[in-house]
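Encoded as structure tokens, the structure appears first; notes follow it.
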Amino acid sequence: MPDSSSIRIGIDLGGTKIEALALDHAGNELGRHRVPTPRDDYKGTLQAMADLVFRLETETGRKATVGAGIPGTISGVTGLVKNANSTWLNGKPLQEDLGQLLSREVRIANDANCLAVSEATDGAAAGKAVVFAVILGTGCGGGVSFQGHVHSGPNGVSGEWGHMPLPWPSVDENPGPSCYCGKHGCMEQWVSGTGVAQDFRNVTGKSLTTREIVAIAEAGSAEALDTMHRFEDRLARGLAQVVHILDPDIIVFGGGLSQYKGFYRTLGERMIPYVFGGEFDTALVPALHGDSSGVRGAAWLWPLTR
């Protein structure tokens, strides 16, 4: 365990990039680096994570605790990664292997749980007891924070609404796209960046990136706006089920699609007919720390050690 002069390093392991951030005890940023993710290369991914830690420690001249957010979870039964959409991580002892490379204990949590902790600690959800965090990126994930702490549950899948089926599907939405988890119609296949791009392509026959679709929607494109309206309706249906189970104090959004300003104006109204009782008064907000929130939350997996 690092001594009282230690700092925190958080790692955000994404499908396309790995980011590492060093924070002092007050949450001030001391350094940050980002590298491409060595896709389909477990050993390369592991080494890239370790190299980022060593680089930040060399630059700051201080030893660090290390937390990491991953697009999956660590099985409490096997200690291996499961449920990762970066599938080359599944079945691997990532926590043990990274700890050995760094010669210290490493804490790992789902990336959406890290987002929830970050925003509950010093972000848009500061002071809120029950926080539900949504990542709308390449995939779709969710995380839960109670009183500023990760809640993962005995199966490590708390908040995994991305693998709930789309509620109240229309005939055209049933059975839905196939998912890497082996099922059909998962929320992740509808409201992720990948899902939005696929939906636009299916309806219009045109291939655009999600970023391009969002941009032309904001510029007034009717085709893109129709796509985003379908996205919002599906998002509302899925989140209504989260409210029915958890009824969080606040819902915080991260990931690339969270930057689409349109749904913050209309999503709450769209949810009203889907929420039992016809009322919805939960705050829907973008993450204060933006795409840095996950890596900050990973650093906050370690408590203060003064």
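The values are calculated or read from the model by the stated rules, or taken from the named source; none is laboratory data. All figures in this text were calculated on a predicted structure; none of them were measured in a lab. Every residue, glycine as well, gets a Cβ built from its backbone with ideal geometry; the counts of neighbours run over all protein chains shown. Just so you know, the surface numbers come from the protein's heavy atoms only, side chains and all, with ligands and any DNA or RNA stripped out. Shrake-Rupley method; radii C 1.70, N 1.55, O 1.52, S 1.80 Å.
Within the chain, what percent of beta bridges assigned by DSSP are antiparallel, to the nearest 5? Rounded to the nearest five, the antiparallel share is 55 percent. A straight Cα-to-Cα reach below 21 Å connects Lys82 with the lysines Lys17, Lys43, Lys92, Lys183, residues fewer than 8 places away in its own chain not being considered. Summary of packing: across the peptides 264-275, 136-147, 105-116, the per-residue average of other C-beta atoms within 10 Å ranks them, highest first, as 105-116, 136-147, 264-275. Residue ranking by accessible heavy-atom surface, 1.4 Å probe, largest first, among Asp41, Asp247 comes out as Asp247, Asp41. With a cut-off of 13 Å between beta carbons, the residues surrounding Glu96 carry a summed charge of +1, where Lys and Arg count +1 and Asp and Glu -1.
Since only Thr37, Leu257, Val203 are under comparison, the one whose Cα sits farthest along the positive direction of the charge dipole of the chain, derived from C-beta charges on Lys, Arg, Asp and Glu, is Thr37.
Counting only DSSP beta bridges with both residues in region 1-132, tell me the antiparallel percent, nearest 5. Rounded to the nearest five, the antiparallel share is 60 percent. Peptides 255-261, 149-155, 91-97, 34-40 ranked from most to least packed by the mean count of surrounding Cβ atoms within 10 Å: 255-261, 91-97, 149-155, 34-40.
Near Ser221, once Lys and Arg are set to +1 and Asp and Glu to -1 for all other residues with Cβ below 11 Å from its Cβ, the sum equals -3. In the chain, Cα pairs under 8 Å separated by at least six residues give a relative contact order of 20 percent. Using a 1.4 Å probe on the protein heavy atoms, what percent of the accessible area of the chain belongs to carbon and sulfur? Carbon and sulfur atoms account for 52 percent of the accessible area of the chain. Solvent-accessible surface of region 1-103, averaged per residue with a 1.4 angstrom probe and all protein chains in place: 43 square angstrom.
State the three equivalent ellipsoid semi-axes of the chain, derived from the C-alpha gyration tensor as the square roots of 5 times its eigenvalues, in descending order and whole Å.
So the equivalent ellipsoid measures 33, 21, 18 Å along its semi-axes.
Evaluated with a Cβ-only charge set (Lys, Arg +1; Asp, Glu -1), the chain carries a dipole of roughly 500 debye about its Cα centre, given to the nearest 20. Using Cβ point charges alone (K and R +1, D and E -1), the dipole size of region 253-303 about the Cα centre works out to roughly 180 debye.
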